[in-house]
Amino acid sequence: MLIFFQELCLQLFLWLLQLIDGLMEIFSAIAGVTNVRVNGQSVNIIEYLAGNSTVGTIFWCIFILAVGLTCIFTIVGLVKNMIANNRNVSTIVGKFFLALLGTMAMLAVVFLGILIANSLLQLLARIFQIDNSNKLSNALFNACVGNWINGYNINKINVTSLSVSDIFGGYNAALFGVWPTSWKCNGMVNPNTFMYLPALISSIALGIALIIAILNLAKRVYEIIYLYFCMPVAMSTLPLDDGARFKNWREQFVTKIILAYGAVLSVNVFVLLLPLIQSMSIPNVGSFGNSVFTIFMIVGGAMVIPAGQTLFARLFGTADDMHAGGGWLRSAYYGGRVASAMTIGLAWKGVKGIAHAVRHNRHSNNNGGGSSDSSSSDSGGDEKYSDDGSADTGATEGGGE
């Protein structure tokens with residue numbers, strides 16, 4: 001029975017590793033590390049969306065609208081200056097032309113910034129591939145192996161292409177070859193030293209962390225295009241507020257561009273340190289304690305993946321919107337905890353109610369038996385008295401005669 005359970009745990013772990021590899025491919029494409037295919041061509045996702053003809057047409061329409069807004073804001077600025085008289089008219093008119101020319105210049109800066117940022121991001125991903133070409137699934141599997149046997153190691157296999165029998169090998173069986181008794185240890189790893197609990201917990205935690213990171217990166221793609229459309233409008237307020245709105249736009253745009261750096265850096269740091277963590281152990285602690293230590297280290301590293309985006313954004317910009325974007329995930333998480341607690345509470349109350357009903361039924365049955373006995377004795381006594389009464393009545397009648 002234990003061997004069947006071990007095989008089930010390993011199969012679940014392999015399925016989770018395949019999911020993690022798929023999530024990593026999606027992560028790399030959305031972050032801009034790898035390209036996506038559109039109409040048979042390999043393109044970067046942000047460069048393709050920003051350079052699309054329809055997106056460009058909408059941008060120029062917004063630019064024409066922003067020219068009108070610039071004229072309106074210039075007039076408002078001149079009127080305010082006539083009342084307050086704190087600025088030169090030439091300064092306001094100069095900001096009008098600066099807004100128009102600045103929009104054209106910023107258009108080139110935006111495209112150039114996206115190209116440079118994507119190139120540096122791909123370079124950053126390649127830097128971490130030096131002497132560390134293992135996939136995330138292989139690194140996580142190697143951290144939970146325990147002991148390799150028969151000359152195998154992580155560099156010789158691709159774990160997602162293997163089956164349970166390939167990894168654990170066969171087993172000795174009894175009862176006509178149906179009931180397993182012990183492992184033959186003719187596979188790749190020792191089934192008796194494989195860390196099943198850390199494998200399942202860490203793979204689930206890593207999958208959740210990657211999903212959150214991917215959602216933040218997908219939101220980033222939409223926000224970059226959104227800020228691209230808002231750029232002419234932010235520049236149009238230059239004659240009125242001396243560039244305060246444009247400063248806010250610039251900070252937000254820089255934050256969204258560098259957000260992918262934090263995600264890619266955190267994932268690569270996690271993959272880099274995972275084999276080193278696997279070789280660590282706490283002295284004078286049993287295998288269970290070291291397994292818990294490995295779980296904590298792997299789950300803690302997985303939590304860095306979504307947190308690394310916020311940390312990197314705080315270093316170079318503002319990360320307040322990151323909390324707003326992930327708020328629904330935290331609400332769902334805590335809502336799930338509350339729902340689970342309520343379900344457990346209702347189940348406990350139901351069990352208590354059933355136990356109370358059973359106890360009450362037993363007590364009623366006992367009382368019913370006692371009542372029937374007492375009723376029978378009372379009826380017997382009544383019959384005695386009635387018999388005696390009838391006998392006395394008969395004797396009286398006889399004496400009367």
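The values are calculated or read from the model by the stated rules, or taken from the named source; none is laboratory data. Since the model is a prediction, treat every value here as computed from it, not as a measurement. Every residue, glycine as well, gets a Cβ built from its backbone with ideal geometry; the counts of neighbours run over all protein chains shown. The accessibility values were calculated without ligands, DNA or RNA, using every heavy atom of the protein model including side chains. Shrake-Rupley method; radii C 1.70, N 1.55, O 1.52, S 1.80 Å.
Odds and ends about this structure:
- Here ALA244 meets the list (1) surrounded by fewer than 17 Cβ atoms within 10 Å (Cβ to Cβ); (2) hydrophobic (A, V, I, L, M, F, W, C); (3) within 30 Å of ILE62 (Cα to Cα); (4) within 32 Å of the chain's Cα centre (by Cα) almost entirely, failing just condition (4).
- When residues in the range 162-191 are screened for being outside any loop (DSSP other than H, G, I, E, B), within 13 Å of ASN150 (Cα to Cα) and open to solvent by 50 Å² or more (accessible area, probe 1.4 Å), 1 of them pass.
- THR34 vs. criteria of a type in the set (S, T, N, Q), assigned to a helix (DSSP H, G or I), open to solvent by 30 Å² or more (accessible area, probe 1.4 Å) and out of contact with any Pro (no Cβ under 9 Å at 6 or more places or on another chain): no
- Cβ-Cβ under 8 Å pairs, at least 6 apart or on other chains, the range 61-73 side within 10 Å of THR237 (Cα to Cα) and open to solvent by 40 Å² or more (accessible area, probe 1.4 Å), far side not acidic (Asp, Glu) and not in a helix (DSSP H, G or I): LEU69/THR237; PHE73/THR237
Per-residue answers, yes or no, for (1) open to solvent by 40 Å² or more (accessible area, probe 1.4 Å); (2) of a type in the set (S, T, N, Q); (3) in a helix (DSSP H, G or I):
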position: GLU7; (1), (2), (3): yes, no, yes
position: LEU17; (1), (2), (3): no, no, yes
position: LEU23; (1), (2), (3): no, no, yes
position: SER28; (1), (2), (3): no, yes, yes
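- Look at (1) within 21 Å of PRO306 (Cβ to Cβ); (2) at pLDDT below 90; (3) open to solvent by less than 30 Å² (accessible area, probe 1.4 Å) and you find that ILE214 fails only one, number (2).
- ALA139 vs. criteria surrounded by 11 or more Cβ atoms within 10 Å (Cβ to Cβ), in a helix (DSSP H, G or I) and touching a Pro at 6+ places or on another chain (Cβ under 7 Å): yes
- Selection within the range 260-303: residues that are open to solvent by 20 Å² or more (accessible area, probe 1.4 Å) and small (Gly, Ala, Ser). The member of this set that is nearest to the chain's Cα centre (by Cα) is GLY300.
- Residue within the range 62-75 that is closer than 30 Å to SER266 by Cβ, in a helix (DSSP H, G or I), modelled with pLDDT of 90 or more and among the aromatic types (Phe, Trp, Tyr) present: no
- The conditions of being buried (at least 17 other Cβ atoms within 10 Å of the Cβ), of a type in the set (A, V, I, L, M, F, W, C) and touching a strand residue (DSSP E or B) at 6+ places or on another chain (Cβ under 7 Å) are not met by ALA50.
- Taking residues in the range 78-90 that are more than 12 Å from LEU240 (Cα to Cα) and exposed (fewer than 11 other Cβ atoms within 10 Å of the Cβ), and partners anywhere that are small (Gly, Ala, Ser) and at pLDDT 85 or above, the pairs with Cβ atoms closer than 9 Å and at least 6 places apart or on different chains are ASN88/GLY94.
- Checked against (1) in a helix (DSSP H, G or I); (2) open to solvent by less than 40 Å² (accessible area, probe 1.4 Å), ALA105 passes all but a single condition, namely (2).
- Residues that are of a type outside the set (Ser, Thr, Tyr), more than 20 Å from ILE154 (Cα to Cα) and either assigned to a helix (DSSP H, G or I) or out of contact with any helix residue (DSSP H, G or I) (no Cβ under 6 Å at 6 or more places or on another chain) (or both) within the range 272-294 comprise PRO283, ASN284, VAL285, GLY286, PHE288, GLY289, ASN290, VAL292, PHE293, listed in sequence order.
- Screening ILE83, ILE167 for residues that are touching a strand residue (DSSP E or B) at 6+ places or on another chain (Cβ under 9 Å) and more than 30 Å from TRP60 (Cβ to Cβ) leaves exactly one candidate, ILE167.
- A count restricted to the range 9-61 and to residues that are of a type in the set (A, V, I, L, M, F, W, C) and over 24 Å from the mean Cα position of the chain (by Cα) stands at 9.
- In the range 76-93, the condition of being closer than 26 Å to VAL109 by Cβ and within 48 Å of the chain's Cα centre (by Cα) is met by no residue.
- Taking first residues from the range 136-147 that are free of Cβ contacts under 8 Å to residues at least 60 places away in the same chain and partners that are open to solvent by 10 Å² or more (accessible area, probe 1.4 Å) and β-branched (Val, Ile, Thr), the Cβ contacts under 7 Å between residues at least 6 apart in sequence or on separate chains come to ASN138/ILE154; GLY146/THR193; ASN147/THR193.
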